[in-house]
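See structure below.
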Amino acid sequence: MEDVCENNVIHVEVVEKVKKHMLDDDHIIDLAELFKVFGDSTRMKIICALLQSELCVCDLANVINSTVSAVSHQLRLLKQAKLVKYRKDGKTVYYSLDDDHVYEIFQKGCEHLEEM
């Protein structure tokens, strides 16, 4: 196989340098959990819609062609991950992206796909 080393040599200096810059296990787990949230197409549709405008649950459900119940469930997960925030205006609750980092993560994903 061409993609596997034929000799079993550890390059100690490089390995030690890399180990110094590795995240600890707790950070790795948290990062994996964050990316899991991005691993659902309904949540991606919600984020894509919220890139354009803040929306209430009813409007979001209409935009992504889903039910209010399904959108509410996904919004709860997005709120827990601090990817969306909400504000109340009377009886209406409007959702928006929590900060510019969400936009940047989404854009980087799109850029990566365009390079493929």
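A short reminder: the numbers here are calculations on the coordinates, not readings from a lab. Just so you know, these numbers come straight off a predicted model, no measurement behind them. Neighbour counts are summed over all protein chains in view; Cβ atoms, including those assigned to glycine, are modelled from backbone coordinates with ideal geometry.
Straight-distance candidates among the lysines for linking to residue 108, with alpha-carbon spacing under 20 Å and chain neighbours fewer than 8 residues away dropped: 36, 45, 82. The orientation-averaged shadow of the Cα convex hull for segment 50-116, equal to a quarter of the hull surface, comes to 5.1 nm². For the chain, the Cα gyration tensor yields ellipsoid semi-axes of 39, 16, 12 Å (square root of five times each eigenvalue, largest first, whole Å).
Exposure proxy shown here: for 84, 4, the number of other Cβ atoms within 10 Å sets the order, fewest to most, as 4, 84.
Counting beta carbons within 10 Å around each of 21, 73, 27 and listing the fewest first gives the order 21, 27, 73. Structural descriptor for the chain: relative contact order 20 percent, calculated from alpha carbon pairs under 8 angstrom and at least 6 residues apart. Considering only DSSP states other than H, G, I, E and B, which GluC sites (Glu not before Pro) in segment 1-110 qualify as loop sites with at most 14 other Cβ atoms within 10 Å? Taking segment 1-110 and a limit of 14 other Cβ atoms within 10 Å, the loop GluC sites (Glu not before Pro) found are 2, 6. How far is helix 12-21 tilted, in degrees, relative to the longest principal axis of the Cα atoms in the chain, given as a value from 0 to 90 rounded to the nearest 10? Value to nearest ten degrees: 20.
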